[in-house]
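For reference, the structure is listed below as structure tokens.
The values are calculated or read from the model by the stated rules, or taken from the named source; none is laboratory data. Computed from a predicted structure; not experimentally measured. Please note: Cβ atoms are built from the backbone with ideal geometry, for glycine as well, and neighbour counts cover all protein chains shown.
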Amino acid sequence: MNAELPLSHTVGEGQGEGRHRHKPAIAHLFWWFMFAQGGVLAAILLPVHILIQGILGPLGIVPVVDRHYDTWANVLGNPLVKLYLLVLIAFPFFHFAHRLRYLLVDLGVPAARGVPAQIVFYGGAVAVTLGTIYILLTTVPISFG
Amino acid sequence: MTATKRITIKATRFDPDKDEKPRLQTYEIPFSDDSMVVLDALNYIKGHVDGSLSYRWSCRMGICGSCGMMVDGVPKLTCNAFLRDHWPRPITVEPLNNFPVIRDLVIDMDDFMHKLKAIKPWVIRKQPVPLGGGAFVQTTAQIDEFRQFSQCINCMLCYAACPVYGLNNEFLGPAAIALARRYNVDSRDEGLGQRLPVLADAEGVWECSFVGECSVVCPKGVDPAKAIQQTKLDTTMRFVLPFGNRD
Amino acid sequence: MPRGWWTRRSNYFWYIVREFTSLPLALWLLWFLLEIRRAQDGPSGYHPHSSLGFVIFSVIVLLFALYHSVTFLSLAGAILHFNVADRPIPSQLIVLSQFAAWAAASVVVGFVLIYFAR
Amino acid sequence: MDPTSYDVLIIGGGLAGIRAAIAVAETNPRLKIGMVSKVYPMRSHTVSAEGGAAAVLSKDDSYDTHAFDTIKGSDYLADQDVVEAFVREAPLEVVQMEHWGCPWSRNADGTVAVRPFGGMTTWRTVFAADKSGFHMLHTVFQTSLKYDQIHRHDEAFVTKLLVENSRCVGVTAIDVRSGQMYAITAKATILATGGLGRIYAFTTNGNICTGDGMALAYRAGVPLKDMEMVQFHPTGLPFTGILITEAVRGEGGYLLNNQGERFLKRYVPNKMELGPRDIISRAMTTEFEEGRGFEGPHGKYMHLDVRHLGEATIDRRLPFMRELGREFVGIDIVKDPIPVRPVMHYMMGGVDADISGATLMKGLYAAGECANVGLNGANRLGSNSLSECLVFGAAAGRAAAEQVGSLAAAGANPIEAMLKDETKRVEGGFLDKKGGDERIAEIREDMQHSMDEGAGVYRTKEGLTELTRRLDGFRERFERIKIDDSSRVFNTELTAAIELGFMLDCAVAVAHSALAREESRGAHARRDFPERNDEKYLKHTIAHHTEAGPRLEYRDVTLGKFEPKARAY
């Protein structure tokens, strides 16, 4: 009734609901959940791996399982270790994918918000997960002793 | 008191009818009293130097929320940004970041007004409660659940500090989500189910990447960043846990 | 929003650093995956990385990893919300317990990595 | 262009205005409601109220005691029928606020808590820490958002009431953002524009409290009532005038002079810090005059001391006071006394309205501080005003909603002509005016300081006569103002100029009403007439607008079961 008035800032009937219909974004919810899980795991587990396997081991300061084939293969054959490594490697990648995607947004690449970017980034995390499963299953056969 | 001190204020000037883009205008004014704040300086300019400078203000006691501006690049309430903290350096006063500028230091905050309405910031009950029954019983511990989120004065400093909002104006934003949480965790409210579609929408809580600056600049001790992450967590738990409360 | 917005305030800059930690961490994990894969080269062909360059890379990654751990656990601790007997647990206590969990996990993992090397 | 048209139009978006809007919506959901505010509603000055809202809630309290306290506080100038209705309605409104989500502070068992307040014989002030007004305003504002039939015009500045056949048919307003003038018509209009504190230099009131609604009604021919009754709050921060709530004393704070003495024992021995505001303000002024105040860079002051209450109580009950002390004075009230002095705070007077908010003009209602429904008389008790906004805001809303059912909409043609005239007045008189040489701010500051001097805590014939003379001079200067800002978009200099005109009209009404009341009653303390004179002045002052100045009449106060007695505490 008063559409022609120059009152761009009146709020009334039907103006409050925004431009689109709202519904919970289940996909966002899931990826955020994976991001949070991965973040916790990376925070709690990664520093010690990097310290021991990336620094102390190569420098020979302490003995580390991955320095010798025997101990490494022995450990890698353990199914619990395989499961642990899957969690350790795959989950953080969902965290990284999420963060890097938003980092691109922050650095001025709005396209990183779109569905194609989501497919690339979260798809990448899924690919790393599948690759990890493949490597864990094919590298050293499962052994129970 | 030294009445001879002077301080330089650089204020944004912009009149959409005359100017292509905003520019800074420099004013030198007497800094006569250590109690003076940036808002006093603006009032001096408007009253005695240049009546055409436009900005909003009212209560000058940090509660009406209208005098938020960028003071040397930081979003602040100008009524408690003291000149003595800057003198003798000049002070740059600009309109709040991330909002369209209507004129000089005045921003267009209608976007927030729409978002505020969208999150249904009122007590929602499944059944109407008659007044005759008296007030609800609510313990201080129950009030503590939402107390800090109810302190929001809608001053828009958090939106000005939020790069996520700056990059994407569709984002629901810190204050609106904090106010939604204020009602969601109020023991008298039963409207969580009605607010979640808006909160957990693609442009809702998920957009937030937890920069945390909203909580840093809030002049009232509200922690919107926390409200947003808690909403993410609660929402996720509702869907992830098999017996999540899905009312 | 100007492109370099995150260079204008130190808080923004450290936020970007926080988000950036994921890149070095991801690279290090990819290396780790490779290390596992190399176990199929057999006893004679297995040569774990030990160059100085790799150690320097790991040191840099470790710095990012620590920054990630500290920020992530502090922030996560600040948002978690538990009530005991109708009273919220202070968030400092929750953050503290997060850091305790980090320490405990580090000790266990470190022990396994070193103990089974013998 | 058709004017925007509503059934009920509310001017003002504070507690009374929004409460009225909701009352209209709930009385008749089919009515179209307009709400015009010169600021976004949550900026309204209700937001600065701190202490709480009075209502009879506890079992040991009674309507009669609340009524008696209010009437005695008013120095018997309140209309007793209005007070009786008010005390019965207030508890319902307080509960309604609670249901809408207001975070009232609680007792240990979770029930709504009350605190003592000045002039009240028992504890009956409900509160939300010391941000009661803030919480109440945001609660009603946010609640109002659920009513789609309430259509807001934010940042629209009303310049004039439109009157047709002595009936109010709407307003003209400036859309501040575009600078365009437009007409809004309505079958009924409710004024809820708040107070006029800015006619004084030292005031707790925000920049927006410029008496707009009072002046709008006054100019349109509706009289103003009891305009001499200006409340000075005992505890404002020197320099800024920021309010330090009476709740500080309610919670047990002491007022100390420069001898470290609780001087109120000489003035209100039975109530001490919980005496009514008018008496304590006068006591402080007397102490200052007798050399027992502290001297500071911004004048004399007293100490308000809460150190003995302890940090826990202060943080739970008075957190905002601690924040104000820290941020605006640089003190921690847990460790330091607060410097305070009397400060203009509230206008008891206002648009002459009856118990339902109806004014003498058809279709025009008033509520809240801009109205005088006869509740506060010569001195308002602290915490009655938030309740007043709720009770009489709702009453005006209901009355308006019921009245408009029987009314036809105003015709469009005269509206268009009236809009054209008013646009010419505003644009020709201010925006496009040539050749002025008076700065708005200078006239305003001169007026404010003159009001402080001439119509302060104590008044005299000489002072008030001088004030009226000066105000005439300011009105002449106002004719010669110049405006730097010629642009249309968000021209706050234009609105400030119109506000100054409103304030001058109000100030003149205050000065003349005060000069004519030759007695001391409540907040109106004449040095030359120190006694109350019931024979002559147990009456409301009614000021009518004329070109030559206010024309004063007197109207009997409605008495009831409480006989006027000497007022001692």
Test: D:VAL47 is touching a Leu at 6+ places or on another chain (Cβ under 7 Å), touching a residue at least 12 places away in the same chain (Cβ under 8 Å) and not in a helix (DSSP H, G or I): no
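Against the definition (small (Gly, Ala, Ser), surrounded by fewer than 17 Cβ atoms within 10 Å (Cβ to Cβ) and not in a helix (DSSP H, G or I)), how does D:GLY560 come out, yes or no? Quick ask: steps written out before the conclusion?
Working: small (Gly, Ala, Ser): yes; surrounded by fewer than 17 Cβ atoms within 10 Å (Cβ to Cβ): yes; not in a helix (DSSP H, G or I): yes.
Spelling it out, D:GLY560 is indeed small (Gly, Ala, Ser), surrounded by fewer than 17 Cβ atoms within 10 Å (Cβ to Cβ) and not in a helix (DSSP H, G or I).
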Failed item, numbered, when D:VAL268 is tested on (1) without any contact (Cβ under 8 Å) to a residue 60 or more places away in the chain; (2) of a type in the set (A, V, I, L, M, F, W, C); (3) surrounded by fewer than 20 Cβ atoms within 10 Å (Cβ to Cβ): (1)
Of residues in region B:105-131 being more than 7 Å from every other protein chain (Cβ to nearest Cβ) and acidic (Asp, Glu), the one surrounded by the most Cβ atoms within 10 Å (Cβ to Cβ): B:ASP111
Test for D:THR159: is it part of a helix (DSSP H, G or I), over 19 Å from the mean Cα position of the chain (by Cα), at pLDDT 95 or above and surrounded by fewer than 23 Cβ atoms within 10 Å (Cβ to Cβ): no
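Can we say D:SER520 is crowded, with 22+ Cβ neighbours inside 10 Å and without any contact (Cβ under 8 Å) to a residue 24 or more places away in the chain? Don't jump to the end; show me each part of the working.
Numbers: crowded, with 22+ Cβ neighbours inside 10 Å: yes; without any contact (Cβ under 8 Å) to a residue 24 or more places away in the chain: yes.
Considered against the rule, which asks whether it is crowded, with 22+ Cβ neighbours inside 10 Å and without any contact (Cβ under 8 Å) to a residue 24 or more places away in the chain, D:SER520 comes out as yes.
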Tally, over region B:144-174, of residues that are within 12 Å of chain C (Cβ to nearest Cβ) and of a type in the set (Gly, Ala, Ser): 3
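For region D:113-122, name all the residues that are buried (at least 24 other Cβ atoms within 10 Å of the Cβ) and within 13 Å of chain B (Cβ to nearest Cβ).
Just the residues of region D:113-122 that are buried (at least 24 other Cβ atoms within 10 Å of the Cβ), to begin with: D:114, D:117-120.
The one that is buried (at least 24 other Cβ atoms within 10 Å of the Cβ) and within 13 Å of chain B (Cβ to nearest Cβ): D:VAL114.
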Sole residue being β-branched (Val, Ile, Thr), more than 9 Å from chain A (Cβ to nearest Cβ), touching a Ser or Thr at 6+ places or on another chain (Cβ under 9 Å) and not in a loop (DSSP other than H, G, I, E, B), chosen from B:ILE177, B:ILE228: B:ILE177
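Please find, within region C:61-84, the residue that is farthest from A:GLN53 (Cα to Cα) out of those that are more than 7 Å from every other protein chain (Cβ to nearest Cβ) and within 12 Å of the chain's Cα centre (by Cα). It would help to see each step written out before you state the result.
Filtering region C:61-84 down to residues more than 7 Å from every other protein chain (Cβ to nearest Cβ) leaves C:63-64, C:67, C:70-71, C:74, C:77, C:80, C:82-84.
Those still in the list that are within 12 Å of the chain's Cα centre (by Cα) too: C:63-64, C:67, C:70-71.
Working: C:LEU63: 15, C:PHE64: 16, C:TYR67: 19, C:VAL70: 21, C:THR71: 23 Å.
Among those residues, the one meeting the criterion is C:THR71.
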Given (1) crowded, with 18+ Cβ neighbours inside 10 Å; (2) in contact with a Phe, Trp or Tyr (Cβ under 6 Å, 6 or more places away or on another chain); (3) more than 7 Å from every other protein chain (Cβ to nearest Cβ); (4) at pLDDT below 95, number of the condition C:ILE89 does not satisfy: (1)
Residue list for region D:50-80, filter: assigned to a loop (DSSP other than H, G, I, E, B) and more than 17 Å from the chain's Cα centre (by Cα): D:ALA55, D:VAL56, D:LEU57, D:SER58, D:LYS59, D:ASP60, D:ASP61, D:SER62, D:ASP75, D:TYR76, D:LEU77, D:ASP79
Filter pass, D:GLU287 being closer than 16 Å to D:PRO116 by Cα, acidic (Asp, Glu) and part of a helix (DSSP H, G or I): no
Selection status of A:LEU76, at pLDDT 95 or above and facing chain C (nearest Cβ under 7 Å): no
Filter result (modelled with pLDDT of 95 or more and either within 25 Å of D:ARG521 (Cβ to Cβ) or hydroxyl-bearing (Ser, Thr, Tyr) (or both)) within region D:471-492: D:LEU471, D:THR492
Residue within region D:304-321 that is over 25 Å from the mean Cα position of the chain (by Cα), within 13 Å of chain B (Cβ to nearest Cβ) and in a loop (DSSP other than H, G, I, E, B) present: no
Residue within region C:33-55 that is within 7 Å of chain A (Cβ to nearest Cβ), under 23 Å from A:GLY57 (Cα atoms) and among the small types (Gly, Ala, Ser) present: yes
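Do we find that D:ASP528 is assigned by TED's automatic domain parsing to the domain that holds D:GLY436, surrounded by fewer than 20 Cβ atoms within 10 Å (Cβ to Cβ) and closer than 26 Å to D:GLU445 by Cβ in this structure?
So D:ASP528 does not fit the description; no.
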Some residue of region B:146-154 being assigned to a helix (DSSP H, G or I), surrounded by fewer than 19 Cβ atoms within 10 Å (Cβ to Cβ), polar (S, T, N, Q) and out of contact with any Phe, Trp or Tyr (no Cβ under 8 Å at 6 or more places or on another chain): no
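Buried (at least 24 other Cβ atoms within 10 Å of the Cβ), modelled with pLDDT of 95 or more, more than 25 Å from D:ARG277 (Cα to Cα) and in the same structural domain as D:CYS102 (by TED's automatic domain parsing): does that describe D:LEU360? Write out each step before concluding.
Numbers: buried (at least 24 other Cβ atoms within 10 Å of the Cβ): no; modelled with pLDDT of 95 or more: yes; more than 25 Å from D:ARG277 (Cα to Cα): yes; in the same structural domain as D:CYS102 (by TED's automatic domain parsing): yes.
For D:LEU360, the condition - buried (at least 24 other Cβ atoms within 10 Å of the Cβ), modelled with pLDDT of 95 or more, more than 25 Å from D:ARG277 (Cα to Cα) and in the same structural domain as D:CYS102 (by TED's automatic domain parsing) - is not met.
With respect to D:LYS300, is the statement that it is charged (D, E, K, R), touching a helix residue (DSSP H, G or I) at 6+ places or on another chain (Cβ under 7 Å) and crowded, with 18+ Cβ neighbours inside 10 Å true?
On the way: charged (D, E, K, R): yes; touching a helix residue (DSSP H, G or I) at 6+ places or on another chain (Cβ under 7 Å): yes; crowded, with 18+ Cβ neighbours inside 10 Å: yes.
The answer is yes for D:LYS300.
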Leading residue by the ranking (nearest to A:PRO63 (Cα to Cα)) among those in region C:91-118 that are of a type in the set (Phe, Trp, Tyr) and either in a helix (DSSP H, G or I) or touching a Cys at 6+ places or on another chain (Cβ under 8 Å) (or both): C:TYR115
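Here's the yes/no breakdown for (1) outside the structural domain of D:ARG198 (by TED's automatic domain parsing); (2) closer than 16 Å to D:ARG282 by Cβ; (3) of a type outside the set (A, V, I, L, M, F, W, C); (4) part of a strand (DSSP E or B):
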| residue | (1), (2), (3), (4) |
| --- | --- |
| D:GLY252 | yes, no, yes, no |
| D:LEU255 | yes, yes, no, yes |
| D:GLN259 | yes, no, yes, no |
| D:LEU264 | yes, yes, no, no |
| D:VAL268 | yes, yes, no, no |
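Can you go through B:GLY47, B:GLY134 and tell me which one is in contact with a helix residue (DSSP H, G or I) (Cβ under 7 Å, 6 or more places away or on another chain), modelled with pLDDT under 95, surrounded by fewer than 23 Cβ atoms within 10 Å (Cβ to Cβ) and at the interface with chain D (Cβ under 8 Å from one of its Cβ atoms)?
Working: B:GLY47 fails: modelled with pLDDT under 95.
On inspection, the qualifying residue turns out to be B:GLY134.
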Options A:HIS98, A:HIS49: the member that is more than 17 Å from the chain's Cα centre (by Cα) and assigned to a helix (DSSP H, G or I): A:HIS49
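Yes/no per residue for (1) modelled with pLDDT of 95 or more; (2) surrounded by 18 or more Cβ atoms within 10 Å (Cβ to Cβ):
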position	(1), (2)
D:PRO319	yes, no
D:ALA353	yes, yes
D:GLU369	yes, yes
D:ASN372	yes, yes
D:LEU381	yes, yes
D:GLU388	yes, yes
D:ALA401	yes, yes
D:GLY428	no, no
Set D:ARG380, D:ARG439, D:ARG425: member being assigned by TED's automatic domain parsing to the domain that holds D:GLU26 and basic (Lys, Arg): D:ARG380
